[in-house]
Amino acid sequence: MPQIPQTLHELSVGQLSARSGAAVSALHFYEAKGLISSSRTSGNQRRYSRDALRRVAFVRAAQRVGIPLVTIREALAELPEERTPNREDWARLSEAWRKELDERIGQLHRLRDHLTDCIGCGCLSLENCVLSNPDDIVGERITGSRLMPEGRKPPRRA
């Protein structure tokens, strides 16, 4: 059986960029972050295996839904080396990310709701504004900036 030349199984950075739609600089960045990997030719040119196409698509899809790169890298590390992520991998990982995304959606809904209130009053008060001072528990007891425990006086300035 004839062997397929290795060059058909590998892509240059330009080819990977053209096929994936990701900029060359983004591919270099993904590689630096451990999301994809390459080998080097004798002329020190990068060569990517064909599974890098699917990995780049996986990374870009995860980024579009707001998954941080570090989380994407951890997910890809769970896959065997040089294995193309498949539909089952995406389903498993996206299910794990669902809770985090639901929490973010809730935060965005709260932000939207409070933004409407702030547009109405325009105060942006550090005492009362839920946008400038969210979840301020200490502010319910005392006012002003507090970096020191209550009861201690700040040092005098010269």
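The values are calculated or read from the model by the stated rules, or taken from the named source; none is laboratory data. Just so we're clear, the structure is a prediction, and the values are computed from it rather than from any experiment. Every residue, glycine among them, receives a Cβ derived from its backbone with ideal geometry; neighbour counts consider all protein chains shown. These accessible areas exclude ligands, DNA and RNA; they are computed on the full protein's heavy atoms, side chains included. Shrake-Rupley method; radii C 1.70, N 1.55, O 1.52, S 1.80 Å.
Largest accessible area first, the residues Val13, Val24 order themselves as Val24, Val13 under a 1.4 Å probe with ligands, DNA and RNA left out. For region 57-100, list log₁₀ I(q)/I(0) at each q in 0.15, 0.19, 0.25, 0.33 Å⁻¹, using the Debye formula over Cα point scatterers of equal strength and ignoring solvent, two decimals each. With one equal scatterer per Cα and no solvent, log10 I(q)/I(0) is -0.32, -0.52, -0.93, -1.53.
Once both labels are positioned 7 Å from their Cα atoms along Cα-to-Cβ, the gap between Arg50 and Leu115 label points is 4.5 nm. A Förster distance of 41 Å, applied to the separation of the beta-carbon atoms of His9 and Ile105, puts the FRET efficiency at 0.50. Full extension of the chain between Arg60 and Glu74 yields a length gain of 3.5 nm, computed as 0.36 nm times the residue separation minus the alpha carbon distance.
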